[in-house]
Amino acid sequence: MIRWLMSLIVAVSLALPAWAQGLHDAVTTFTLDNGMQVVVVEDHRAPAVQHMVWYNVGSADEPPGKSGIAHFLEHLMFKATETMESGEFSQVVAAQGGRDNAFTSYDYTAYFQRVAADRLGLMMEMEADRMVNLRLTEQEVETERNVIIEERNSRVENNPRALFGEQMNAVQYYNHGYGIPIIGWKHEIEKLGRQDALDFYETFYAPNNATLIVSGDVTPEEVRELAESHYGPIPANPDLPPRLRTSEPPQTAARRLSFADPRVAQPYVARSYLAPARDSGAQEKAAALTILAELLGGGTTSHLAEELQFDNEIAVYSGAFYDGTALDETTFDIIVVPGAEVSLEDAEAALDAALAGFLDEGIDPEDLDRIKMQLRASQIYGQDSADGIANRYGRGLTTGLTVADVQAWPDILQATTEQDIIEAARAILRPEASVTGWLMSAEEASQ
């Protein structure tokens, strides 16, 4: 079956046009006089564009005691400006046949619109307006704060897996903002007010702290003209603070937690390790960890699946996860969901044995070739999405990478060797540097 799958992937890849196999986006970059970075990715296959503004600020940049303010401001950015009524922004986008939204991460906050190409100027006009002209009333702030509290109640407080994940992050990060949930701690969200939002907005929402990314049916000349017209007149913030982040101390002792909740229907074991992120000009370690996650837990043909699910029937599910697109150290995560008659203790022991076996046995070259081909195919087909392309560059540039780094990533993955992967695995898969959590029902906790 594996050989058949590899043959299929190879055949599909060979059938792709030469330009797609190269994975070279048509990218142009320039910087406005006020410091705003602009990235243009040309794709003329459809008369549509993705317009995105990425701010170099996320929840990990929040002042102490103000957790959730980055996400809170994201919501408030859809309120009134000097020229638009509250909610009018999205109404205009919809009336133009487009869609819009926003999202907040630990490292960035982004706003986007997907519209017909000839509506790009209007999107820039509105986005530039709310970059400097946001107007908030006390009533709007109170109403939106209640919306966010309800969002936290529905997505986190009513979800034991989400609560467990928050605790895992808090134990993983003793000294860094990644240990605080993006949505914020509930007791701090409840105290956020209008002035908190305005202070955050006036500090960080400025052109010299933003990246404009336009992908789709445009030319660099067109984007430059529109950007200079709409964003160019906005003054830079001369008092933009440096982006200082605390770092984690060396972890020299294994950390553990147990989380019990009567709503838990399926207990599982979670394990995390601090891991390096993709660094500009030095993405090799991150590439090795990306492939390691696929080898260990990237599907039914992975090492953990074979060892825990099929050979020994310990688990009904297992997986490994790593995303190196982060400004600071990220995590390498593993999850094992045991079978009905298997205890969490036995599942954890089996996980440890499987990891040790992987390091001892090494990597099957056929498995490595298969995963590299799958990654290549995924990257090629990802070029069909203007949204995906814009997000790839946005996430990279707001986490310290350059356009050249983003474009080099596919080839770095392909150049990763078995030795690179094993060295990366030995460097991070150390028991004394792990956080292990058990999610269980209240009944299991009392046994």
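The values are calculated or read from the model by the stated rules, or taken from the named source; none is laboratory data. All values reported here derive from a predicted model rather than from experimental measurement. Heads up, the Cβs are rebuilt from the backbone with ideal geometry, glycines too, and the neighbour counts pull from every protein chain shown. Please note that ligands, DNA and RNA were not included when accessible areas were found on the heavy atoms of the full protein model with its side chains. Shrake-Rupley method; radii C 1.70, N 1.55, O 1.52, S 1.80 Å.
Determine whether residue 235 is open to solvent by 50 Å² or more (accessible area, probe 1.4 Å) and either within 30 Å of residue 172 (Cβ to Cβ) or in contact with an Asp or Glu (Cβ under 7 Å, 6 or more places away or on another chain) (or both). Show your work before the answer.
On the way: open to solvent by 50 Å² or more (accessible area, probe 1.4 Å): yes; either within 30 Å of residue 172 (Cβ to Cβ) or in contact with an Asp or Glu (Cβ under 7 Å, 6 or more places away or on another chain) (or both): no.
Spelling it out, it is not the case that residue 235 is open to solvent by 50 Å² or more (accessible area, probe 1.4 Å) and either within 30 Å of residue 172 (Cβ to Cβ) or in contact with an Asp or Glu (Cβ under 7 Å, 6 or more places away or on another chain) (or both).
What helices (runs of 4 or more DSSP H) lie completely within the range 123-241 and have 2 or more residues being among the small types (Gly, Ala, Ser)? Before the answer, list the steps.
Values: elements: 138-152, 160-172, 186-189, 194-204, 220-230.
Result: 160-172, 220-230.
Would you mind finding the one in 215, 258, 229, 247 that is loosely packed, with under 14 Cβ neighbours inside 10 Å, at pLDDT 95 or above and either touching a Ser or Thr at 6+ places or on another chain (Cβ under 6 Å) or not charged (D, E, K, R) (or both)? Explain how you work it out, then say what you get.
Numbers: 215 fails: loosely packed, with under 14 Cβ neighbours inside 10 Å; 258 fails: loosely packed, with under 14 Cβ neighbours inside 10 Å; 247 fails: at pLDDT 95 or above.
229 is the lone residue from the list that is loosely packed, with under 14 Cβ neighbours inside 10 Å, at pLDDT 95 or above and either touching a Ser or Thr at 6+ places or on another chain (Cβ under 6 Å) or not charged (D, E, K, R) (or both).
I'm checking my understanding of the structure. Among residues of the range 384-434 that are more than 18 Å from the chain's Cα centre (by Cα) and of a type in the set (D, E, K, R), which one is most open to solvent (accessible area, probe 1.4 Å)?
426
Under 7 Å between Cβ atoms, which residue pairs at least 6 apart in sequence (or on different chains) link something in the range 197-210 that is open to solvent by 30 Å² or more (accessible area, probe 1.4 Å) with a partner that is polar (S, T, N, Q)?
Hits for this filter: 208/34; 208/237.
Could you list all residues from the range 145-177 that are under 19 Å from residue 190 (Cα atoms) and charged (D, E, K, R)?
If the condition is that a residue be under 19 Å from residue 190 (Cα atoms) and charged (D, E, K, R), then 145, 150, 151, 152, 155, 157, 166 are the ones that fit.
Cβ-Cβ below 6 Å, separation at least six or inter-chain, first residue in the range 419-440 and more than 28 Å from residue 260 (Cβ to Cβ), second part of a strand (DSSP E or B): which pairs?
428/273; 428/275; 428/332
Considering only the range 285-303, I want to know if a residue exists there that is among the aliphatic types (A, V, I, L, M) and open to solvent by 30 Å² or more (accessible area, probe 1.4 Å).
First, pick out the residues of the range 285-303 that are among the aliphatic types (A, V, I, L, M): 286-289, 291-293, 295-296.
Now drop any that are not open to solvent by 30 Å² or more (accessible area, probe 1.4 Å), which leaves none.
Within the range 285-303 (the criterion being among the aliphatic types (A, V, I, L, M) and open to solvent by 30 Å² or more (accessible area, probe 1.4 Å)), the answer is no, since none of the residues qualifies.
Yes or no: residue 311 over 21 Å from residue 422 (Cα atoms), in contact with a Lys or Arg (Cβ under 8 Å, 6 or more places away or on another chain) and surrounded by fewer than 23 Cβ atoms within 10 Å (Cβ to Cβ)?
Working: over 21 Å from residue 422 (Cα atoms): yes; in contact with a Lys or Arg (Cβ under 8 Å, 6 or more places away or on another chain): no; surrounded by fewer than 23 Cβ atoms within 10 Å (Cβ to Cβ): yes.
It is false that residue 311 is over 21 Å from residue 422 (Cα atoms), in contact with a Lys or Arg (Cβ under 8 Å, 6 or more places away or on another chain) and surrounded by fewer than 23 Cβ atoms within 10 Å (Cβ to Cβ).
Would you be able to tell me the number of residues in the range 362-383 that are open to solvent by less than 30 Å² (accessible area, probe 1.4 Å) and without any contact (Cβ under 8 Å) to a residue 24 or more places away in the chain?
1
Return a yes/no flag: does the range 390-398 have any residue that is of a type in the set (A, V, I, L, M, F, W, C), at pLDDT below 95 and farther than 19 Å from residue 284 by Cβ.
Looking for residues that are of a type in the set (A, V, I, L, M, F, W, C), at pLDDT below 95 and farther than 19 Å from residue 284 by Cβ, one finds at least one in the range 390-398, hence yes.
Residues to consider are 23, 32; find the one that is at pLDDT below 95, surrounded by fewer than 23 Cβ atoms within 10 Å (Cβ to Cβ) and of a type in the set (A, V, I, L, M, F, W, C). Break it down into steps so the answer makes sense when it comes.
On the way: 32 fails: at pLDDT below 95.
Being at pLDDT below 95, surrounded by fewer than 23 Cβ atoms within 10 Å (Cβ to Cβ) and of a type in the set (A, V, I, L, M, F, W, C) holds for just one of 23, 32, which is 23.
Testing residue 273 on (1) within 23 Å of residue 422 (Cα to Cα); (2) out of contact with any strand residue (DSSP E or B) (no Cβ under 7 Å at 6 or more places or on another chain), one condition comes back false. Which one is that?
With respect to (1) within 23 Å of residue 422 (Cα to Cα); (2) out of contact with any strand residue (DSSP E or B) (no Cβ under 7 Å at 6 or more places or on another chain), residue 273 is out only on (2).
Please list, ordered by residue number, the strands (runs of 3 or more DSSP E) wholly in the range 25-112 having 3 or more residues that are free of Cβ contacts under 8 Å to residues at least 24 places away in the same chain and either over 22 Å from the mean Cα position of the chain (by Cα) or closer than 19 Å to residue 215 by Cα (or both).
Result: 99-104.
Please determine whether any residue of the range 259-268 is acidic (Asp, Glu) and assigned to a helix (DSSP H, G or I). Don't jump to the end; show me each part of the working.
Taking the range 259-268 as the starting set, the residues that turn out to be acidic (Asp, Glu) are 261.
Now restrict to residues that are assigned to a helix (DSSP H, G or I): none.
No, because not a single residue in the range 259-268 is acidic (Asp, Glu) and assigned to a helix (DSSP H, G or I).
Which is over 25 Å from residue 248 (Cβ atoms), among the charged types (D, E, K, R) and modelled with pLDDT of 95 or more, of 284, 307? First the steps, then the outcome.
Working: 284 fails: over 25 Å from residue 248 (Cβ atoms).
Sole residue among the options that is over 25 Å from residue 248 (Cβ atoms), among the charged types (D, E, K, R) and modelled with pLDDT of 95 or more: 307.
Given the criterion in contact (Cβ under 8 Å) with a residue 24 or more places away in the chain, surrounded by fewer than 19 Cβ atoms within 10 Å (Cβ to Cβ) and among the polar types (S, T, N, Q), identify the matching residue among 167, 139.
Working: 139 fails: in contact (Cβ under 8 Å) with a residue 24 or more places away in the chain.
From the options 167, 139, the qualifying one is 167.
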